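**Student:** The structure follows.
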Amino acid sequence: MLTGQMMGEPLLILDLLRHAALCHPQAGIVSRCHDGSIHRYSYAEAWSRVNRLAGALSELSVAPGDRVGTIAWNDYRHFELYYAVSGSGAVIHTINPRLSDEQIVYIINHAGDRFLFVDPDFLPLLARISPQLETVEGVFLLCEPGEVMDAAAGEARCYEDLLAGGGGEFAWPALEETAAASLCYTSGTTGNPKGVLYSHRSTVLHARAVAGSEGWSLSSFSSVLAVVPMFHASAWGLPYAATMLGANLVLPGGRLDGASLYELIDSERVDAMCGVPTVWQGLLDHMQQVGKRLESVEKAVVGGSAVPLSMIQRFEDEHDVFVMHGWGMTEMSPVGAVNYPTPSMMAMDKEARHNLQLKQGRPVFGVTMKILGPDGREQPQDGRSPGRLLVKGPWIAESYYKSDDRSAFLEGGWFDTGDIATIDEQGYMHIVDRVKDVIKSGGEWVSSIEIENAIAGLEGVTEACAIGVPHPRWGERPLLLVTVDRAIPERDILSHVAGKLPRMSRPDDVVIVDALPHNATGKLLKKVLRDQYRDHLMNASG
Ligand code: ADP
């Protein structure tokens, strides 16, 4: 082999912020603070505080490879930890406060976190779990000195006091790009959560991919609202991608209701925003109530769960906002596919385009996909043949942290996503369902997502969940569970979906429930519901 003769400069996270401070010193970060006030500063100011924080961490003897945990909302202090911890060679472990107490204790002990940085909102959680933490040496509260006078704070110290002792320019260590930089545990609906350990290289490559036109199309003109949490899967890479390009990064803290989000969107002239469907539902409903339009917003990135057609339509018809559907998972840093606009898509009539936008998109460059049929053979890319979705790429996990569970890591370096999908001739991937949620009726696969999409948009139905339940003749049949905000006869719900679905996919019955259970990332806990409704159709004969 003739080796190329180019420099092997490592790809390092800290260089993103160093670059922003040098080349985009005016751009910066706007955050909603704990008390509701707005904090703003430039990337240049962030850089200087990150240097001080790294100095303070080294005073605490935080060493390369050590894990430092955060339980925090999206704000500038969490952003500083992202850079200072990884820049000093340690690993930032972002902890999802929506996990159960038991899971949070498990992951902190499993990660071996030496210090925790906690938003005051999570003091009650901290008080509950503290006695069971085995490795934590100290806790810092992300607030102003004297801001929190809560007995639950216990021995916790103030982050700003720590920073004050940090000194000036820090002597950053030389790191290898393959060094671990951050750690995030999967939400673990079954069994214990599993740790995904991202490297500097994987993080920078992922940021490069999602920042560009196959991703969120950011630039120094952008003002991007990250509603998606920094405590899970690095807020889809936004704290890195926005910094790389000098986009303004808008961080909403813990206030994720429609009114608070709109206030930020309006005051910061947000043009791009990223979040899960439930959050956008709240924003759309709020905008309807107050009779206003999202004037500045051009695109809404929606992922984490399938975006319903009604959401694509409402964003476009009521606000002239283009919905970009995205798909990914914690193991993929997390972005794998994005449905970004293309000339041929924009030339389609509206209905055809909306149908295309329902697909999760094409793999961003760097991610390779294939689908395997039930016989283990690769399926054709015809948009019709479903199969297990396998992926590989430089920002996809190849193992779990301190775990020998290799069940999802297949021969040839492929990762099994646990999703069933189709891929069409143009490369668009469409998620049919999770392997464990797909409804197996008479030897056919019925997509629970397709049924949920068919009900979305029916006035009065606030949430829907389709599950497969045992049926004496068909093996399994779909059952629809919904929550409502007004009285609706069950037969109206069934006839609404019947008109939109092929016969085989029409639910056999609908049950109106008070609430539907969700996991820590807001996904429906279908397993719980399958257990609960196991006998619902067993006496049916049809
Ligand atoms: P995250 O926590 O980042 O949402 P998880 O790893 O918890 O990621 O969950 C990933 C799973 O979420 C995917 O395997 C897929 O089943 C589901 N998912 C993510 N985005 C979408 C989407 N746009 N449409 C349908 N399902 C999605």
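**Student:** Among the residues of segment 302-324 satisfying the criterion of being farther than 17 Å from M346 by Cβ and among the hydrophobic types (A, V, I, L, M, F, W, C), which is modelled with the highest pLDDT?
**Tutor:** Only one residue tops the list, namely V302.
**Student:** Got at least one residue in segment 47-69 being closer than 14 Å to L251 by Cβ and at pLDDT 95 or above?
**Tutor:** Within segment 47-69, none of the residues are closer than 14 Å to L251 by Cβ and at pLDDT 95 or above.
**Student:** Out of segment 136-156, which residues are modelled with pLDDT of 95 or more and either at positive phi or not in a loop (DSSP other than H, G, I, E, B) (or both)?
**Tutor:** Residues satisfying the conditions are G138, V139, F140, L141.
**Student:** Is segment 333-344 home to any residue that is open to solvent by less than 10 Å² (accessible area, probe 1.4 Å) and away from the ligand (no atom under 14 Å from the Cβ)?
**Tutor:** Looking for residues that are open to solvent by less than 10 Å² (accessible area, probe 1.4 Å) and away from the ligand (no atom under 14 Å from the Cβ), one finds none in segment 333-344, hence no.
**Student:** Here is a follow-up. Kindly indicate whether L309 is within 16 Å of the ligand (Cβ to nearest atom), open to solvent by less than 70 Å² (accessible area, probe 1.4 Å), of a type in the set (A, V, I, L, M, F, W, C) and without any contact (Cβ under 8 Å) to a residue 24 or more places away in the chain.
**Tutor:** Here the answer is no, as L309 does not meet what is asked.
**Student:** All but one of (1) modelled with pLDDT of 95 or more; (2) farther than 25 Å from K500 by Cβ; (3) out of contact with any Phe, Trp or Tyr (no Cβ under 6 Å at 6 or more places or on another chain) hold for D405, so report the exception by its number.
**Tutor:** Of the numbered conditions (1) modelled with pLDDT of 95 or more; (2) farther than 25 Å from K500 by Cβ; (3) out of contact with any Phe, Trp or Tyr (no Cβ under 6 Å at 6 or more places or on another chain), the odd one out for D405 is (1).
**Student:** Please work out which residue is farthest from the ligand (Cβ to nearest atom), limiting yourself to segment 314-325 and to residues that are under 19 Å from N355 (Cβ atoms) and open to solvent by 10 Å² or more (accessible area, probe 1.4 Å).
**Tutor:** Restricting to residues being under 19 Å from N355 (Cβ atoms) and open to solvent by 10 Å² or more (accessible area, probe 1.4 Å), the top hit is D317.
**Student:** Can you tell me which residue in segment 468-512 is nearest to E452 (Cα to Cα), limited to those that are assigned to a helix (DSSP H, G or I) and of a type in the set (S, T, N, Q)?
**Tutor:** The residue in question is S505.
**Student:** Does segment 499-522 contain at least one residue that is of a type in the set (A, V, I, L, M), at pLDDT below 90 and within 16 Å of the ligand (Cβ to nearest atom)?
**Tutor:** Yes - at least one qualifying residue is present in segment 499-522.
**Student:** Let me ask something else about it. State all residues of segment 192-217 that are of a type in the set (A, V, I, L, M) and touching a strand residue (DSSP E or B) at 6+ places or on another chain (Cβ under 6 Å); if no residue qualifies, say none.
**Tutor:** V196, L197, V210
**Student:** Filter segment 431-455 down to the residues that are assigned to a strand (DSSP E or B) and out of contact with any Phe, Trp or Tyr (no Cβ under 8 Å at 6 or more places or on another chain) and list them by number.
**Tutor:** R434, K440, E444, W445, V446
**Student:** So which residues in segment 28-81 are within 17 Å of P120 (Cβ to Cβ) and acidic (D, E)?
**Tutor:** Listed by number, the residues that qualify are D35, D75, E80.
**Student:** Here's a check for you: in segment 513-534, which residue that is open to solvent by 70 Å² or more (accessible area, probe 1.4 Å), in a loop (DSSP other than H, G, I, E, B) and touching a residue at least 40 places away in the same chain (Cβ under 8 Å) is nearest to V469 (Cα to Cα)?
**Tutor:** Ranking the candidates gives R534 first.
**Student:** Another one. I'd like the full set of residues that are at positive phi and either within 16 Å of the ligand (Cβ to nearest atom) or outside the structural domain of H93 (by TED's automatic domain parsing) (or both), limited to segment 227-274.
**Tutor:** Once the filter is applied, which keeps residues that are at positive phi and either within 16 Å of the ligand (Cβ to nearest atom) or outside the structural domain of H93 (by TED's automatic domain parsing) (or both), segment 227-274 yields A233, S234, A235, W236, G237.
The values are calculated or read from the model by the stated rules, or taken from the named source; none is laboratory data. Because the structure is a prediction, the values reported are computed rather than measured. When we count neighbours, we look across all protein chains shown, and the Cβ atoms used for this are built from the backbone with ideal geometry, even at glycine. Each accessible area value is taken on the protein alone, full model and side chains, heavy atoms only, with ligands, DNA and RNA left out. Shrake-Rupley method; radii C 1.70, N 1.55, O 1.52, S 1.80 Å.
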